[in-house]
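Undergrad: Below is the structure I would like to discuss, written out as structure tokens.
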Amino acid sequence: MRQLEYKAEWYGRELIKIDRYFPSSKRCSNCGQEREKLPLNIREWECSECGFHHDRDINAAINILAAGLAVSVCGATVRPEESKSRQAGAMKQKAPNSDVRESRPVS
Ligand SMILES: [Zn+2]
């Protein structure tokens, strides 16, 4: 139970970070360290933190995939609640209105 909660929290934090400035190719997919600069002509680089050798595109793809997983985890928990509240609203509109004539004021 505790481990699951911790994971959900971690995903949430990571998602916010990615939304703001998605450093897909500058970020080390192995340890999470971000490079300050990564010029477009550099196709391969080594992480200064863990020394992992990266192919720019493959590293970006791994980071994007991780972001996509975080999004799908959050989306799965939001949808069922939405459809529930919609059904409740539709039920309320089916109220009978047969006695409208009798409540008219007589002048
Ligand atoms: Zn690294």
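Undergrad: Of the residues that make up the range 32-40, is at least one of a type outside the set (D, E, K, R), exposed (fewer than 15 other Cβ atoms within 10 Å of the Cβ) and either more than 21 Å from Leu69 (Cβ to Cβ) or modelled with pLDDT of 95 or more (or both)? Spell out how you get there, then give the answer.
TA: Taking the range 32-40 first, the residues of a type outside the set (D, E, K, R) are 32-33, 38-40.
Remaining after also requiring exposed (fewer than 15 other Cβ atoms within 10 Å of the Cβ): 32-33, 39-40.
Next cut, either more than 21 Å from Leu69 (Cβ to Cβ) or modelled with pLDDT of 95 or more (or both) only: 39-40.
Scanning the range 32-40, I find at least one residue that is of a type outside the set (D, E, K, R), exposed (fewer than 15 other Cβ atoms within 10 Å of the Cβ) and either more than 21 Å from Leu69 (Cβ to Cβ) or modelled with pLDDT of 95 or more (or both), so the answer is yes.
Undergrad: Mind listing whichever residues of the range 21-32 are more than 9 Å from the ligand (Cβ to nearest atom) and of a type in the set (S, T, N, Q)?
TA: Ser24, Ser25
Undergrad: Residues of the range 34-68 being touching a strand residue (DSSP E or B) at 6+ places or on another chain (Cβ under 7 Å) and not in a loop (DSSP other than H, G, I, E, B), which ones?
TA: Answer for the range 34-68, where residues must be touching a strand residue (DSSP E or B) at 6+ places or on another chain (Cβ under 7 Å) and not in a loop (DSSP other than H, G, I, E, B): Glu34, Glu44, Trp45, Glu46, His53, His54, Asp55, Arg56, Asn63.
Undergrad: Looking at the range 33-62 only, could you name the residues that are without any contact (Cβ under 8 Å) to a residue 12 or more places away in the chain and within 8 Å of the ligand (Cβ to nearest atom)?
TA: Across the range 33-62, the qualifying residue is only Gly51.
The values are calculated or read from the model by the stated rules, or taken from the named source; none is laboratory data. Keep in mind that what you see is a predicted model, and the values were worked out from it rather than measured. Methodologically, a virtual Cβ is constructed for each residue, glycine included, from the backbone with ideal geometry; neighbour enumeration extends over all protein chains shown.
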